[in-house]
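Scroll down for the structure; my scribbles are underneath it.
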Amino acid sequence: MSKPKFAMYWSGSCGGCEIAVINIHEKILDVDANFDIAFWPVAMDAKVKDVEALEDEEILLCLWNGSIRNEENEHMAHLMRKKSKLLVSFGSCATEGCIPGLGNLFPVAELIDTAYTTLTTDNPDNIRPQTVTQVPEGEITIPAMKDRVHTLAQVVDVDYFMPGCPPESHQIAAVIDLVIEVLQGKAELPPKGAVIGAGHSTVCEECPRQRNLKAIKAFRRIQDVAPLDPELCILEQGVPCNGPATRSGCKARCPSVGAQCIGCYGPAEGVVDYGARLITAFASVIDSKDPEEIEQILDGIPDPAGQFYRFNLADSLFQAGAPAFKKNEV
Amino acid sequence: MSNDKTNKIGVYVCHCGTNISHTVDVAKVRDWAAEGLGSEGVVIARDYKFMCSSPGQELIEQDIKELGLDRVVVAACSPHLHELTFRNASKRAGLNPYLTELASIREQVSWVHTDKEAATEKAKAVVTGAVERVIENEPLEELKVAIHPDTLVVGGGIAGIQAALEIANAGKKVWLVEREASIGGHMAQFDKTFPTLDCAACILTPRMFEAGNHPNIELMTWSEVTNVAGYVGNFSVTIKKKPRYLKEELCTGCRICIEKCPTKVVDQGYEAGIGYRKAIYTSSAQAVPKYPVIDTENCNFFQKGTCKVCEKSCPTEAIDYEQKEEFLTVDVGNIILATGYDLFDARKVSNYGYGRLPNVFTSIEFERMCNAAGPTSGDIVLRDGKTTPKTVGIIHCVGSRDRNYNNYCSNICCMQSLKFAHLVKERTGDTVYDFYIDMRTPMKAYDEFYQRVLEEGTLFVRGKVAQVTDAARKASEEGKLMVQVEDTLIGKQRRIPVDMVILSIGMEPRHDAKETGKLFGIGCSANGWFTEKHAKLDPISTMTEGIFIAGTATGPKDIPTSVAQGSAAAARVLNMIMRGEVTLEPIKASVYQGQCSGCRICNSLCPFNAITFLEDRKVSEINPALCQGCGTCVAACPAGAISGTGFSNDQILAQIDGLLMDVTLADA
Ligand SMILES: Cc1cc2nc3c(=O)[nH]c(=O)nc-3n(C[C@H](O)[C@H](O)[C@H](O)COP(=O)(O)OP(=O)(O)OC[C@H]3O[C@@H](n4cnc5c(N)ncnc54)[C@H](O)[C@@H]3O)c2cc1C
Ligand code: SF4
Ligand code: SF4
């Protein structure tokens, strides 16, 4: 009997998700033992036409990491969707847009202009990338950037979501174990649309620090708090920690070692807009009734977009609801 | 957005006479609901002239019964007005009332737009939002809680005393909390009261005495409320009892300490700054309770460490310099606020010279002066304490009806000025000028009193006084106060010499009314008076259930009206007590504990102290009996672990989806 097919694809992302998968060490051998790797550009050579040649849903499991930044990403998303039985939105870029999603704060032309004119960019002719270029050999094309970054689920139907930037290796291993158990008939798949490889509550739940009533008089950057109390809730020490709104599952890695949570596991279950949640939560514990003082305290968060939407901007309510998007754009 | 729950929804569009139909094409909205929202489960859509009328409500009831409706949307006025009406209609027909939604197409559409076509489109969107929302509504059961039979009355002026006595006489216990050392309020300072001229003390002291000795009244003077927790029927109130420096249980009220105390201070309170009191004092000999207090700021012992004359002279050893403030927590079911008013500061109108020109007095100073038990034993004299004036000018509306100060009418000053005119005439036979802008004497026997004062010979000058000055322009003006006024009846500027000027200063909200309002969870108007639930139909209730207001705390008024309000508030409270239990809206927040991370962000936010943190399980929990459904914590919880019934994410997002739905497309 031939083994079920596995695929992993990357689009607008940094590659860290791939590393995280490799990082499961010898577990990767289980993947090989149980799956036939049909398509995984990072790990092995295969062409798009090989995928196109497959039957629909012939790939059992496809882990997709990366945001939908350009037309090729979108094209591949449709292709992989068609060819895969289970499509997993893997990692923060695919699920929430992540760092590429911050590009949505600017028009694409401005992004490109910035990228091609930075101090360290050597671009004497001040060129810009063109989607179509004539060369002696003929016409060559590169994919056009879409006017904004989309998450995978905003473009195609997704079966499961696995958050994290990148997903923790122990969570990846657990998911792989689960899928293998399902293959062996020992377990059942979670309901479609579920978040897998993560918890249901927030980072605070896994955080070992002491939590008290909160009353914040000033927000400070972590390097300005010396020394950070190793036992006490980081937020209570005035450092804007995103733990209270961020989905659990990482074992509170950052706060455990004295760094604030920056939110890479995305919103907790049932949270509609991650940034809005955090903003109301932080606002609620500011210890002042004087509007001017409140302004001052808020000035302690110099980059609100980065603080509240570093990972979630492309999936936030700011980007119009998913249903509206589906109706109008795809 | 299709409705997989296969609901049967009825939509009712109200014309509100022409209030709505004038700007919204009601038939079009109805047709949109019937045709455009059929896929969402709307099975019947009707329009009607007045949905809130009995036939209108019966339409709904009939459809629920005959068509088996399981959701109702009424597109009419604001939920503030008729949500309850329509929920009750549904309830009568056997439908859970919380499956009925009101879509406001009057306040939010017809009243705020003029373009009929656009307004109709908006009305359709609002109705669509309500339909999408109502699909997500869950049936809710109202909560019933017992009402604690005790009542808290805050403020022991005439309004508070009246309220307390009414309730106590009905056999129910009252905590009467008064900030000053004695109850009585402003009325205790007066000499005579208009329009009948009975002596204030004669009619007030018996009431004060009764309140002070009533078996059902727990009188707490020199006390203030510092915290209010809980909700209608079940308030828990913390009262701070300030130290009197005297053991009340030992004091017999003999007043020997007051007599012996060597320190005399100007009494800015009760005597309005024109009389003295000792460092240990009661407001007057009629004070209730009779126990004195020590004014530590002026007491030799507290300031310099020596003296102790009061301690030595007290025959019962009641003086206790070590006394500390005490806090007491009491449970009550209802609260009446009768905190009264403050007086306008006459110094602000500098052109009238109060504080600069000695013989310019305020009305409250004059009240004390007229009072037989006051500093001048009732003699009307100039600031020197001996000279009887020959001519007196009384100025109305000082600080009132004036855009520079308070724009409202202080209600009582016309009558109080007439009362003064009468008293001056009666006691001195002086020439009296009364400077008024408009004479306002509308209540029972008030205008008759005005006529009486007219006949007594008071000279009325209609016009707003520009200035009171002692700068003489000619010899005959030397030593006089000159009142500069335009007499609008003869159309001339006049300069009238008088010896004494009385300023009828207006009433103002208590300086701390806003904080008091906040403490008890009620609002204040722009001017600062406590806001009634309904200015006409419910003037003694507030938007917070179980908190009532009475007397001048809600705005300027005279004694009869203050008393009537005290009685009315008491009747309301008794009504609540008789009912025995209240029905609480089932709009509540709850923590889904599986999602709660125990971050504790919500813990200090609840204005009703409904949230507790369970240390052992490291999660937060909401007490449904305490939760008032304000939604504060729901918004704050970063984990999305708190949800509010009636305002769930599903409901709100569905409503937004509905609002954004294309309502023109399906129309074509
Ligand atoms: C100069 C003058 C003359 C007047 N003459 C007449 C007249 O002849 N006839 C007439 O009908 N009306 C007259 N009035 C109007 C009359 O004074 C009021 O209608 C009446 O006194 C209002 O009573 P009240 O109980 O509402 O307020 P108040 O008398 O102000 O009593 C309020 C009480 O609450 C207490 N209090 C306030 N805040 C707190 C708190 N936070 N905690 C605890 N206790 C608190 C105060 O100490 C006070 O004892 C006159 C008014 C003025 C200014
Ligand atoms: S804010 Fe939310 S997560 Fe935090 S303790 Fe309260 S209920 Fe729990
Ligand atoms: S909704 Fe939350 S904050 Fe508001 S009363 Fe209820 S528990 Fe308290």
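Of the residues that make up the range B:1-14, is at least one within 27 Å of B:Glu117 (Cβ to Cβ) and modelled with pLDDT under 95?
Yes: the range B:1-14 contains one or more residues that are within 27 Å of B:Glu117 (Cβ to Cβ) and modelled with pLDDT under 95.
Which strands (runs of 3 or more DSSP E) does the range B:549-658 wholly contain that include 1 or more residues that are more than 14 Å from every other protein chain (Cβ to nearest Cβ) and open to solvent by 30 Å² or more (accessible area, probe 1.4 Å)?
Hits in the range B:549-658: B:581-584, B:619-622.
Within the range B:358-377, track down each residue that is surrounded by 15 or more Cβ atoms within 10 Å (Cβ to Cβ) and more than 14 Å from ligand 1 (Cβ to nearest atom).
If the condition is that a residue be surrounded by 15 or more Cβ atoms within 10 Å (Cβ to Cβ) and more than 14 Å from ligand 1 (Cβ to nearest atom), then B:Asn359, B:Val360, B:Pro375, B:Thr376 are the ones that fit.
Can you tell which of B:Lys474, B:Lys419, B:Lys425 is open to solvent by 20 Å² or more (accessible area, probe 1.4 Å) and in contact (Cβ under 8 Å) with a residue 12 or more places away in the chain?
Unique residue meeting the criteria: B:Lys425.
So, in the range A:256-304, how many residues would count as being part of a helix (DSSP H, G or I) and either within 12 Å of chain B (Cβ to nearest Cβ) or open to solvent by 30 Å² or more (accessible area, probe 1.4 Å) (or both)?
Count: 20.
Can you name the residue in the range A:234-247 that is within 14 Å of chain B (Cβ to nearest Cβ) and not in a helix (DSSP H, G or I) and is also nearest to A:Gly258 (Cα to Cα) among such residues?
For the range A:234-247, the residue satisfying everything is A:Ile234.
From the list B:Gln57, B:Gln108, exactly one residue is without any contact (Cβ under 8 Å) to a residue 40 or more places away in the chain, in a loop (DSSP other than H, G, I, E, B) and among the polar types (S, T, N, Q). Which is it?
Going through B:Gln57, B:Gln108 in turn, just one is without any contact (Cβ under 8 Å) to a residue 40 or more places away in the chain, in a loop (DSSP other than H, G, I, E, B) and among the polar types (S, T, N, Q): B:Gln108.
For the range B:620-641, name all the residues that are out of contact with any helix residue (DSSP H, G or I) (no Cβ under 9 Å at 6 or more places or on another chain) and either more than 10 Å from ligand 3 (Cβ to nearest atom) or basic (Lys, Arg) (or both).
Correct list: B:Ala625, B:Ala641.
Got a sec? Which of A:Asp56, A:Asp50 is touching a helix residue (DSSP H, G or I) at 6+ places or on another chain (Cβ under 7 Å) and surrounded by fewer than 13 Cβ atoms within 10 Å (Cβ to Cβ)?
None of the other options fit; the residue is A:Asp56.
Residue by residue through the range B:156-210, note down the ones that are hydroxyl-bearing (Ser, Thr, Tyr), more than 20 Å from B:Tyr446 (Cβ to Cβ) and under 25 Å from the mean Cα position of the chain (by Cα).
B:Ser182
Can you pull out the helices (runs of 4 or more DSSP H) entirely within the range A:104-208 that have at least 3 residues that are of a type in the set (A, V, I, L, M, F, W, C) and within 14 Å of chain B (Cβ to nearest Cβ)?
Correct list: empty, since no element meets the threshold.
Got a number for residues in the range A:209-233 being exposed (fewer than 12 other Cβ atoms within 10 Å of the Cβ), within 14 Å of another protein chain (Cβ to nearest Cβ) and outside any loop (DSSP other than H, G, I, E, B)?
Residues flagged as exposed (fewer than 12 other Cβ atoms within 10 Å of the Cβ), within 14 Å of another protein chain (Cβ to nearest Cβ) and outside any loop (DSSP other than H, G, I, E, B) within the range A:209-233 amount to 1.
I need the strands (runs of 3 or more DSSP E) fully contained in the range B:216-319, keeping only those with at least 1 residues that are crowded, with 21+ Cβ neighbours inside 10 Å.
B:217-220, B:223-231, B:234-241, B:276-278
Restricting the range A:1-26 to residues that are part of a helix (DSSP H, G or I) and open to solvent by 50 Å² or more (accessible area, probe 1.4 Å), which is modelled with the lowest pLDDT?
This residue is A:Ile22.
Which residues, counting only those in the range B:275-293, are among the aliphatic types (A, V, I, L, M) and modelled with pLDDT of 95 or more?
B:Ala279, B:Ile280, B:Ala287, B:Val288, B:Val293
(1) within 15 Å of ligand 3 (Cβ to nearest atom); (2) free of Cβ contacts under 8 Å to residues at least 40 places away in the same chain; (3) of a type outside the set (Phe, Trp, Tyr): which one isn't true of B:Asn609, the others all being true?
(2)
B:Thr516: in contact with a helix residue (DSSP H, G or I) (Cβ under 9 Å, 6 or more places away or on another chain), more than 21 Å from B:Cys409 (Cα to Cα) and either surrounded by fewer than 22 Cβ atoms within 10 Å (Cβ to Cβ) or not aliphatic (A, V, I, L, M) (or both), yes or no?
Spelling it out, B:Thr516 is indeed in contact with a helix residue (DSSP H, G or I) (Cβ under 9 Å, 6 or more places away or on another chain), more than 21 Å from B:Cys409 (Cα to Cα) and either surrounded by fewer than 22 Cβ atoms within 10 Å (Cβ to Cβ) or not aliphatic (A, V, I, L, M) (or both).
The values are calculated or read from the model by the stated rules, or taken from the named source; none is laboratory data. All values derive from a computational prediction rather than experimental measurement. No Cβ is skipped: glycine too gets one built from the backbone with ideal geometry, and neighbour counts run over all protein chains shown. Ligands, DNA and RNA are excluded from the accessible area calculation, which covers all protein heavy atoms including side chains. Shrake-Rupley method; radii C 1.70, N 1.55, O 1.52, S 1.80 Å.
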